[in-house]
1. Hey, could you check the stretch 237-250 for residues that are over 18 Å from Asp206 (Cβ atoms) and touching a residue at least 24 places away in the same chain (Cβ under 8 Å) and say which is nearest to the chain's Cα centre (by Cα)?
2. It is to be established whether one or more residues within the stretch 233-243 are surrounded by 15 or more Cβ atoms within 10 Å (Cβ to Cβ), aliphatic (A, V, I, L, M) and not assigned by the TED database to the domain that holds Pro153.
3. Report whether or not Thr295 is hydroxyl-bearing (Ser, Thr, Tyr) and at pLDDT 90 or above.
4. Here is a check on your reading of the model: is Thr169 modelled with pLDDT under 95, β-branched (Val, Ile, Thr) and closer than 22 Å to Ala147 by Cα?
5. Can we say Tyr308 is open to solvent by less than 60 Å² (accessible area, probe 1.4 Å), touching a helix residue (DSSP H, G or I) at 6+ places or on another chain (Cβ under 7 Å), closer than 23 Å to Asn236 by Cβ and among the hydroxyl-bearing types (Ser, Thr, Tyr)?
6. Looking only at the stretch 99-141, which residues are open to solvent by 20 Å² or more (accessible area, probe 1.4 Å), β-branched (Val, Ile, Thr) and over 13 Å from Pro151 (Cα atoms)?
7. Would you confirm whether any residue within the stretch 230-239 is part of a strand (DSSP E or B), in contact with a helix residue (DSSP H, G or I) (Cβ under 9 Å, 6 or more places away or on another chain), among the polar types (S, T, N, Q) and closer than 25 Å to Gly334 by Cβ?
Amino acid sequence: MMAFLKDIFSRYNHILINSLSLTLLLLGFVISCKDSKKSNTGASEYDKLMNKADIVLEEKNSLEAEPQTENKAPKGTTRDNLDMDVQFISGIPMYNLSTGYNVEEHERFLAATKLCWSFDYKETFGETRKGNYKNGGERINIASCCASFIPSPFLSPFEYYYSLYHGNTDIKTYKNNVFKLKEIRENLVSENFESFKNMIAEAKTDNLESYSISTSTIQNYNFDTEQLEIRYYISNTKKVGSGNARVQATGNRLRRSVTHFIPMSPKKAKAIYEHYGSLNEYNKNPPFQLITKTTYSMGIPAVEKRPYNFEIALKKIEFFRSSKAYPEPEDKIGEIQFIEKPSA
């Protein structure tokens, strides 16, 4: 009996020792990974970010792009996986029902950051920023759209992005503590800058799409000319970030509502009227709200002046009958092509 108990104890002791050894090995591996992750932390990396002359933003082929990490754009930045997250109400997309942020504003922010990649933010905002002053006293001179969309106390689109879209409030919390800010910024660069740079390389400034920059309605149908009369309007109030910076369409004629006529048979026009008549949220008479998809390019104006907005040039506006989600091809009733291009 004693020999049996001794054998059991010996086996238990052997298993315990092996388990402890495995635990220590795993713990060492985790610590090693953390140390490796932090090894790039340093003021030199932050200085590098603020003066990006030696950081080339390489365009990436989307098919070759590395897998998205948690430090890249928030979940749901592509329209392919947002079909269930977006609801159209009176022709306008409600993006933040479940994603928590406006998809189109997010795309405009990335486009603006890409356009401003070579802008010298360190020269404009200094090492520290408090309101309208930099480096403890010198007044900040904002004279471009690249500077105008970054509010105090942020010093670059990079750190502003993580405040807007990742809920990182550290810079705001410690905005008057220069020692803490230095530590926060160095860590932010070390942990997130590479993934941010990759995301900006993949961002678009051309062929951007919006369902809110333009709005349109059906006004009437003319039997004599067999044309559907619609009215569309281009908004110049869409923001870049959460501040005052906006995107503004080129051409004064786009700042008012425009009447447009689409050739259409009475049969097809009647079907559209009946479609709206069957919807509870509409009256039985026009105007009927359309879903309006705008394809545009975004740029920096050749001549910048207050309020220093980014410039957009319209490429195409497509009109779709009402739907609860992104419209299908069969919902399309017409389009307008534009040939204007942004200044830069």
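1. The initial filter retains those residues of the stretch 237-250 that are over 18 Å from Asp206 (Cβ atoms), namely 237, 239, 241-246.
Filter again for touching a residue at least 24 places away in the same chain (Cβ under 8 Å), leaving 239, 241-246.
Working: Lys239: 11, Gly241: 9, Ser242: 11, Gly243: 14, Asn244: 16, Ala245: 14, Arg246: 14 Å.
In this case the residue turns out to be Gly241.
2. Within the stretch 233-243, one or more residues are surrounded by 15 or more Cβ atoms within 10 Å (Cβ to Cβ), aliphatic (A, V, I, L, M) and not assigned by the TED database to the domain that holds Pro153.
3. On the way: hydroxyl-bearing (Ser, Thr, Tyr): yes; at pLDDT 90 or above: yes.
Yes.
4. Numbers: modelled with pLDDT under 95: yes; β-branched (Val, Ile, Thr): yes; closer than 22 Å to Ala147 by Cα: yes.
Yes; evaluated as a whole, the condition is true for this residue.
5. Numbers: open to solvent by less than 60 Å² (accessible area, probe 1.4 Å): yes; touching a helix residue (DSSP H, G or I) at 6+ places or on another chain (Cβ under 7 Å): yes; closer than 23 Å to Asn236 by Cβ: yes; among the hydroxyl-bearing types (Ser, Thr, Tyr): yes.
Yes.
6. Scanning the stretch 99-141 gives a single hit, Thr99.
7. Taking every residue of the stretch 230-239 in turn, none turns out to be part of a strand (DSSP E or B), in contact with a helix residue (DSSP H, G or I) (Cβ under 9 Å, 6 or more places away or on another chain), among the polar types (S, T, N, Q) and closer than 25 Å to Gly334 by Cβ.
Residues checked against (1) modelled with pLDDT of 95 or more; (2) over 12 Å from the mean Cα position of the chain (by Cα); (3) not in a loop (DSSP other than H, G, I, E, B):
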residue	(1), (2), (3)
Asp80	no, yes, yes
Asp85	no, yes, no
Leu110	yes, no, yes
Lys122	no, yes, yes
Glu127	no, yes, no
Ile142	no, yes, no
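The values are calculated or read from the model by the stated rules, or taken from the named source; none is laboratory data. Predicted model only: the values in this text are computed from it and were never measured. Don't worry about glycine lacking a Cβ; one is built from the backbone with ideal geometry, like all the others, and counts go over all protein chains shown. All accessible areas refer to the heavy atoms of the entire protein, side chains included, with ligands and DNA or RNA removed. Shrake-Rupley method; radii C 1.70, N 1.55, O 1.52, S 1.80 Å.
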